[in-house]
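A short reminder: the numbers here are calculations on the coordinates, not readings from a lab. A quick note: this is a predicted structure, and the numbers were derived from the prediction, not measured. For neighbour counting, all protein chains shown are included, and Cβ atoms are generated from backbone atoms with ideal geometry for every residue, glycine included.
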Amino acid sequence: MRTPRGLEVPDECMQWTFARATGAGGQHVNKTASKATLTVLTADVAGSPTKVSRVRERLGESIVITSQESRSQWRNRQICVERLSAIIDEAAAPPPAPRRATRPSKGAVERRIASKKKHGDKKAGRRGDW
């Protein structure tokens, strides 16, 4: 399996287990092992050293993904692989750039003060002799 960011997980490193799923499905649920669980060790992920180190740092030693959305074991396997690809790509992404501190514009400060003054005048109008 290859992710959009260029990381690879060899097929032989994917460990699959199957079980009977829960939920709706009638007799089909009671007869088939359609729930799929995929386990991948992060040590088996190959690619750029920086991306691989980010994946290992953020995801730990192993990744476990389970799917029982479909009645088909084949479709649940596909869903697991898609989720694995998304999780690995998200973990391999570089951290966002730090926010640069900015100051409010002069107009924004003036509008804020005018709003506060208007609000205060409105409250002051409520006070008085009854």
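Given +1 on the Cβ of Lys and Arg, -1 on the Cβ of Asp and Glu, and no further charges, what dipole in debye does the chain carry about its Cα centre, rounded to the nearest 20?
Working: 26 positive and 13 negative charges, 305 e Å.
The dipole magnitude comes to about 1460 debye.
Reported to the nearest whole Å, the Cα centre-to-centre distance from the stretch 81-110 to the stretch 1-20 is 28. Cβ-Cβ distance of Ala97 and His119, R₀ of 35 Å, FRET efficiency by 1/(1 + (r/R0)^6): the value works out to about 0.45. Tell me which lysines have Cα within less than 26 Å of Lys116's Cα, excluding those fewer than 8 residues away on the same chain? List returned: Lys106.
Rounded to the nearest 0.05, the FRET efficiency derived from the C-beta distance between Val29 and Arg83 at R0 = 22 Å is 0.50. For the chain, the average shadow cast by the Cα convex hull is 17.2 nm², which is a quarter of the hull's surface.
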